[in-house]
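Visitor: Structure in structure tokens, see below.
The values are calculated or read from the model by the stated rules, or taken from the named source; none is laboratory data. The structure displayed is predicted, hence computed values, not measured ones. Here Cβ is always computed from backbone atoms with ideal geometry, including for glycine, and neighbour counts include all displayed protein chains. Areas reflect the complete protein model, heavy atoms only, side chains present, ligands, DNA and RNA absent. Shrake-Rupley method; radii C 1.70, N 1.55, O 1.52, S 1.80 Å.
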Amino acid sequence: MKQIITVSELASYLQVSNDSIYAMVREKQIPHIRVRRRILFNMEMIEEWMRSKAHLSV
């Protein structure tokens, strides 16, 4: 799997809409990287974020 992914790729991976990803970025709920106008995600950071969220819901 690629290390850096786009909004569309993350939305597909998480099975949510692109709009949901943009909202999470806007509200600073998900770790992301901005390169000029592009929003990118590091899969390692996303996996860690998901693990931390899973622990909170248990």
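Visitor: Quick check on residue 53: is it open to solvent by 40 Å² or more (accessible area, probe 1.4 Å), out of contact with any Cys (no Cβ under 7 Å at 6 or more places or on another chain) and in a helix (DSSP H, G or I)?
Guide: yes
Visitor: Follow-up question, since we're still on this one. Between a first residue in region 16-43 that is touching a residue at least 24 places away in the same chain (Cβ under 8 Å) and in a helix (DSSP H, G or I) and a second residue that is among the hydroxyl-bearing types (Ser, Thr, Tyr) and open to solvent by less than 60 Å² (accessible area, probe 1.4 Å), which pairs have beta carbons less than 9 Å apart while being 6 or more apart in sequence or on different chains?
Guide: Final answer for the pair search is none.
Visitor: Being polar (S, T, N, Q) and over 12 Å from the mean Cα position of the chain (by Cα), is that true of even one residue in region 45-52?
Guide: Yes, some residue in region 45-52 is polar (S, T, N, Q) and over 12 Å from the mean Cα position of the chain (by Cα).
Visitor: May I ask you to verify whether residue 58 is modelled with pLDDT under 95, open to solvent by 40 Å² or more (accessible area, probe 1.4 Å) and part of a loop (DSSP other than H, G, I, E, B)?
Guide: yes
Visitor: Separate question: Within region 1-50, restricting attention to residues that are touching a strand residue (DSSP E or B) at 6+ places or on another chain (Cβ under 8 Å) and among the aromatic types (Phe, Trp, Tyr), which residue is least open to solvent (accessible area, probe 1.4 Å)?
Guide: Applying the filter and picking the extreme gives 41.
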